[in-house]
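K.L.:
A single structure is presented below for examination.
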Amino acid sequence: MELSKRVQAIKPSPTLAVTARAAKLKAEGKDIIGLGAGEPDFDTPQHIKDAAIAAINRGFTKYTAVGGTPSLKQAVITKFKRDNGLDYTAKQILVSCGGKQSFFNLALAVINPGDEVIIPAPYWVSYPVMVAISGAKPVIINGREENGFKITPDEFEDAITPATKAIVINSPSNPTGAAYLPEELKAIADMAVKKGVFIISDEIYEKLCYDNHPFISMASFSDEIKRQTIVLNGVSKTYSMTGWRIGYAAGPKELIKAMTNIQSQSTSNPTSISQKAAVEALNGPQDTVEEMRVEFDKRRKAMVNNLNAIKGIRCMLPPGSFYVFPNIAKLLKKRFNGKAINSSADLAEFLLEVAEVAVVPG
Ligand code: PLP
């Protein structure tokens, strides 16, 4: 059967491809160090697992409301108030099967073929693909290394056209670890309000900031920007719950309703058991969040120090998330062990084959 035109816009996630390749080599007995997946290696905290086990034992194993249980929506509302000073009502919240589905729902609910969505590079590999699936054009603008991979309001403004539907902001970022300062984010918010452009603010790495880098939600600067922003977040990274598949979105209620309709015809509700676990994650003790952050901080410093000690590699100390994005330009056009390294993909391949370290090219 002939495949759809739509599927031609879909490339498999390079991150998942690297992870799968590393898993295969591991199964063949190789001692691979996997740095591919954007996934904490900590176990999900015990009290969260216990909440899920209790949910199963109590028979909380049926369909729930499509957009999330009232208690999880309330936990999300409480989180936004507590952590971000933001007021939302239940009609402004949608719980999905991960932040990825939140973005996908949004792409299908608001973006039309012909629209443009501005995506700062380096970006999370799924953004442009999901935008392309919706039929719109991803407009990529490059964050400069010397500016910490951040985009200035002027650079955003230059990329705006009459077709611009939205700007994606991901701070702290996958894959650079870049994080905007509050005043930088506010300047972008002011520009977006002036131009009337919608912001998709992916705040999934909110809790992973280092060296006292302050986190502030894009929606919190004013009522105007809040009306023009959809905030995406989730429990995957903060609580080491990647496999549980719970993400959430907050924004204008008409938009949330449209996104909920899309979800109602695709996955329906996220897993009932995971939702109970997410309530415990958001409402329960938060000590493990800080414990993991402290550990990531140690690893971040060790990783960056060691990378910078390698001749030909330069790496920014990232203020957030758990990624590093080293500059490998000086290693290109060289040969190692008889192999030509002409791109980051060649280097990633070389590292996997020879050093047995799995990384994502970028
Ligand atoms: N947003 C960013 C920037 C990410 O890096 C990821 C995962 O890697 C997600 C969203 C989605 O995470 P999940 O679908 O597990 O909530």
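K.L.:
Give the number of residues within region 5-40 that are exposed (fewer than 11 other Cβ atoms within 10 Å of the Cβ) and either among the polar types (S, T, N, Q) or in contact with a Ser or Thr (Cβ under 8 Å, 6 or more places away or on another chain) (or both).
P.N.:
Matching residues across region 5-40 total 1.
K.L.:
Which members of region 234-262 meet the condition of being in a loop (DSSP other than H, G, I, E, B) and more than 25 Å from residue 42 (Cα to Cα)?
P.N.:
Of everything in region 234-262, those that are in a loop (DSSP other than H, G, I, E, B) and more than 25 Å from residue 42 (Cα to Cα) turn out to be 251, 252.
K.L.:
Residue 212 fails exactly one of the following numbered conditions: (1) more than 16 Å from the ligand (Cβ to nearest atom); (2) assigned to a helix (DSSP H, G or I); (3) surrounded by fewer than 18 Cβ atoms within 10 Å (Cβ to Cβ). What is the number of that condition?
P.N.:
Residue 212 satisfies all of (1) more than 16 Å from the ligand (Cβ to nearest atom); (2) assigned to a helix (DSSP H, G or I); (3) surrounded by fewer than 18 Cβ atoms within 10 Å (Cβ to Cβ) except (2).
K.L.:
If I filter region 53-68 for residues that are under 23 Å from the mean Cα position of the chain (by Cα), farther than 27 Å from residue 132 by Cβ and not assigned by TED's automatic domain parsing to the domain that holds residue 294, do I get at least one hit?
P.N.:
Yes, that holds for at least one residue.
K.L.:
Would you pick out the residues in region 237-253 that are open to solvent by less than 10 Å² (accessible area, probe 1.4 Å), under 19 Å from residue 171 (Cβ atoms) and within 8 Å of the ligand (Cβ to nearest atom)?
P.N.:
The one that is open to solvent by less than 10 Å² (accessible area, probe 1.4 Å), under 19 Å from residue 171 (Cβ atoms) and within 8 Å of the ligand (Cβ to nearest atom): 247.
K.L.:
Still on this structure: The conditions are (1) of a type outside the set (Asp, Glu); (2) open to solvent by 30 Å² or more (accessible area, probe 1.4 Å); (3) outside the structural domain of residue 272 (by TED's automatic domain parsing), and residue 71 fails exactly one of them. Which is it?
P.N.:
(3)
K.L.:
Could you tell me whether residue 195 is of a type in the set (Lys, Arg) and closer than 25 Å to residue 292 by Cα?
P.N.:
No; evaluated as a whole, the condition is false for this residue.
K.L.:
Residue check: is residue 190 out of contact with any strand residue (DSSP E or B) (no Cβ under 9 Å at 6 or more places or on another chain) and part of a loop (DSSP other than H, G, I, E, B)?
P.N.:
Judged against the criteria, residue 190 is not a match.
K.L.:
Let me ask something else. Confirm whether residue 143 is more than 13 Å from the ligand (Cβ to nearest atom), open to solvent by less than 40 Å² (accessible area, probe 1.4 Å) and not hydroxyl-bearing (Ser, Thr, Tyr).
P.N.:
So residue 143 fits the description; yes.
K.L.:
Collect the residues in region 156-185 that are touching a strand residue (DSSP E or B) at 6+ places or on another chain (Cβ under 6 Å), within 16 Å of the ligand (Cβ to nearest atom) and under 13 Å from residue 119 (Cα atoms), keeping them in residue-number order.
P.N.:
Those that are touching a strand residue (DSSP E or B) at 6+ places or on another chain (Cβ under 6 Å), within 16 Å of the ligand (Cβ to nearest atom) and under 13 Å from residue 119 (Cα atoms): 166, 167, 168, 169, 170.
K.L.:
May I pose another question? Consider residue 267 against the criteria (1) under 22 Å from residue 315 (Cβ atoms); (2) open to solvent by 50 Å² or more (accessible area, probe 1.4 Å): it satisfies all of them except one. Which criterion is unmet?
P.N.:
Result: residue 267 passes all but (1).
K.L.:
In this structure, does residue 314 turn out to be farther than 26 Å from residue 173 by Cα and open to solvent by 50 Å² or more (accessible area, probe 1.4 Å)?
P.N.:
So residue 314 does not fit the description; no.
K.L.:
Given (1) open to solvent by less than 30 Å² (accessible area, probe 1.4 Å); (2) outside any strand (DSSP E or B); (3) closer than 23 Å to residue 67 by Cβ; (4) more than 8 Å from the ligand (Cβ to nearest atom), where does residue 102 come up short, assuming only one miss?
P.N.:
Going through the list (1) open to solvent by less than 30 Å² (accessible area, probe 1.4 Å); (2) outside any strand (DSSP E or B); (3) closer than 23 Å to residue 67 by Cβ; (4) more than 8 Å from the ligand (Cβ to nearest atom), residue 102 breaks only (4).
K.L.:
Those residues that are touching a Phe, Trp or Tyr at 6+ places or on another chain (Cβ under 9 Å) and open to solvent by 50 Å² or more (accessible area, probe 1.4 Å), I need them from region 156-192; list them, please.
P.N.:
Passing the criteria: 165, 186, 190.
K.L.:
Related question: Looking at region 321-331, is at least one residue touching a helix residue (DSSP H, G or I) at 6+ places or on another chain (Cβ under 8 Å), assigned to a loop (DSSP other than H, G, I, E, B) and surrounded by fewer than 14 Cβ atoms within 10 Å (Cβ to Cβ)?
P.N.:
Checked against the condition, which is being touching a helix residue (DSSP H, G or I) at 6+ places or on another chain (Cβ under 8 Å), assigned to a loop (DSSP other than H, G, I, E, B) and surrounded by fewer than 14 Cβ atoms within 10 Å (Cβ to Cβ), region 321-331 yields no hits at all.
K.L.:
Scan region 105-141 for residues that are within 30 Å of residue 279 (Cβ to Cβ) and either assigned to a helix (DSSP H, G or I) or outside the structural domain of residue 257 (by TED's automatic domain parsing) (or both) and report the count.
P.N.:
Total meeting the criteria: 9.
K.L.:
Go through region 142-176 and give me each residue that's closer than 19 Å to residue 202 by Cα, not in a loop (DSSP other than H, G, I, E, B) and not hydrophobic (A, V, I, L, M, F, W, C).
P.N.:
The answer is 142, 153, 164, 165, 170.
K.L.:
From 48, 56, grab the single residue that is at pLDDT 90 or above, open to solvent by 50 Å² or more (accessible area, probe 1.4 Å) and assigned to a helix (DSSP H, G or I).
P.N.:
56
The values are calculated or read from the model by the stated rules, or taken from the named source; none is laboratory data. Since the model is a prediction, treat every value here as computed from it, not as a measurement. No Cβ is skipped: glycine too gets one built from the backbone with ideal geometry, and neighbour counts run over all protein chains shown. Heads up: the accessible areas ignore ligands, DNA and RNA and are worked out on the full protein's heavy atoms, side chains in. Shrake-Rupley method; radii C 1.70, N 1.55, O 1.52, S 1.80 Å.
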